[in-house]
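Q: Sharing a structure here in structure tokens format.
The values are calculated or read from the model by the stated rules, or taken from the named source; none is laboratory data. On a predicted model such as this, the values are computed, not experimentally measured, just so you know. Backbone-built Cβ (ideal geometry, glycine too); neighbour counts: all protein chains shown.
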Amino acid sequence: MAWLQLRVHSRYPEFVDEILQACGASAVSFIDAEDDPVLEPAPGETPLWSNTVTLGLFPEKTDLQPVLDALHEQLPDSDTLQVSDELVEDQDWVRVWLKDCPPLKFGERLWVCPHEKRVDEPGSVTLLLDPGLAFGTGTHPSTALCLEWLATHDVGDQHVLDFGCGSGILAIAALLLGARHAVANDIDPQAIQATRDNAVANGVSDRLTTVDPERRVEPFPADLVLANILARPLIELAPQLSATIRSGGALVLAGLLDRQADEVRAAYAPWFDFEPDHCRDGWTRLYGRRR
């Protein structure tokens, strides 16, 4: 069986990885576009090359136009994006992905690892996450900023809502870090199934409730709401998400570009007081407390 391999040159390879997986890539990996080796990275660092190519593998008869549309719509450097495709011979592409995906550490105690590269560090929490169709592996700056927030704040005994859960990575991380219960929802049925599977793999399924795409999340007094989606939905959802958080509860918003932060913050300003923004590689995370 042959496969369609998509080669994407972008300044945001981790985000390309997330988009390709969300669009149904069977495997995603990174290669060096130049002879520019990464030598002796510091502990905890996961550097890529200065000129990285992201490879996405799709079944041979896949219509790539929706994938191309997603790349051009969601990447900040879409105006200079370089994309090509080719037919390649079959390989064990999951193994290829795992080879190029190192364990990632957030804060002082949270690791996100493929099953085959599990880290068992004294005093740490390990979230096991293998490649799949659902968005969210921890490599994209928005996801990383949310994981860092979770790793550096006390979520013990809290009720959490992960709105737009993708792979369930944020809800599962919160549960592993001590949250009492999490509700996860997404508009994509594959994301809901991936979240359930990942919760089972991490031993937290008994404390996780998933909401199917056709159902609306009913407001409840959440202690923490995590929403790592996109700026426009975040703005439109401001009244609904605000009604879901108890007085004094925390709101963490991500998936927005730096230039979109003011508009998103303004949509929630009637209900929340915000801490200083955290930014990375053109992306911003907002954190506020419900009045």
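Q: Would a scan of the range 267-280 turn up a residue that is without any contact (Cβ under 8 Å) to a residue 60 or more places away in the chain, buried (at least 19 other Cβ atoms within 10 Å of the Cβ), more than 14 Å from residue 162 (Cβ to Cβ) and not hydrophobic (A, V, I, L, M, F, W, C)?
A: Yes, there is a match, as at least one residue in the range 267-280 is without any contact (Cβ under 8 Å) to a residue 60 or more places away in the chain, buried (at least 19 other Cβ atoms within 10 Å of the Cβ), more than 14 Å from residue 162 (Cβ to Cβ) and not hydrophobic (A, V, I, L, M, F, W, C).
Q: Look through 68, 87, 57 and report the one residue that is hydrophobic (A, V, I, L, M, F, W, C), in a helix (DSSP H, G or I) and modelled with pLDDT of 80 or more.
A: Working: 87 fails: in a helix (DSSP H, G or I); 57 fails: in a helix (DSSP H, G or I).
Only one candidate qualifies: 68.
Q: A further question follows. For residue 245, all conditions in the list (1) buried (at least 21 other Cβ atoms within 10 Å of the Cβ); (2) at pLDDT below 95 hold save one; what is the number of the exception?
A: The failed condition is (2).
Q: Right, here's the next one. How many of the residues making up the range 1-52 are among the charged types (D, E, K, R) and either within 19 Å of residue 63 (Cβ to Cβ) or modelled with pLDDT of 80 or more (or both)?
A: 5
Q: Further, regarding this structure: With of a type in the set (A, V, I, L, M, F, W, C) and part of a strand (DSSP E or B) as the only criterion, which of 217, 252 stands out?
A: 252
Q: Go through the range 111-202 and tell me which strands (runs of 3 or more DSSP E), entirely inside it, have 3 or more residues that are out of contact with any Cys (no Cβ under 8 Å at 6 or more places or on another chain). Walk me through how you get there before you give the answer.
A: Details: elements: 125-128, 159-163, 181-185.
Strands (runs of 3 or more DSSP E) meeting the threshold: 159-163, 181-185.
Q: Among the residues of the range 221-249, count how many are basic (Lys, Arg) and either in a helix (DSSP H, G or I) or within 27 Å of residue 15 (Cβ to Cβ) (or both).
A: Filtering the range 221-249 down to residues basic (Lys, Arg) leaves 232, 246.
Next, only the ones that are either in a helix (DSSP H, G or I) or within 27 Å of residue 15 (Cβ to Cβ) (or both) stay: 232.
Summing the residues that are basic (Lys, Arg) and either in a helix (DSSP H, G or I) or within 27 Å of residue 15 (Cβ to Cβ) (or both) in the range 221-249 gives 1.
Q: Moving on. Please state which of the following conditions residue 103 fails to meet, knowing it meets all the rest: (1) at pLDDT below 90; (2) touching a Leu at 6+ places or on another chain (Cβ under 6 Å); (3) surrounded by 11 or more Cβ atoms within 10 Å (Cβ to Cβ); (4) not β-branched (Val, Ile, Thr).
A: (2)
Q: Within the range 168-193, which residues are of a type in the set (Gly, Ala, Ser) and either surrounded by fewer than 19 Cβ atoms within 10 Å (Cβ to Cβ) or closer than 18 Å to residue 285 by Cβ (or both)?
A: Our first condition is that a residue be of a type in the set (Gly, Ala, Ser); within the range 168-193, this holds for 168, 171, 173-174, 178-179, 182, 184, 191.
Correct list: 171, 173, 174, 178.
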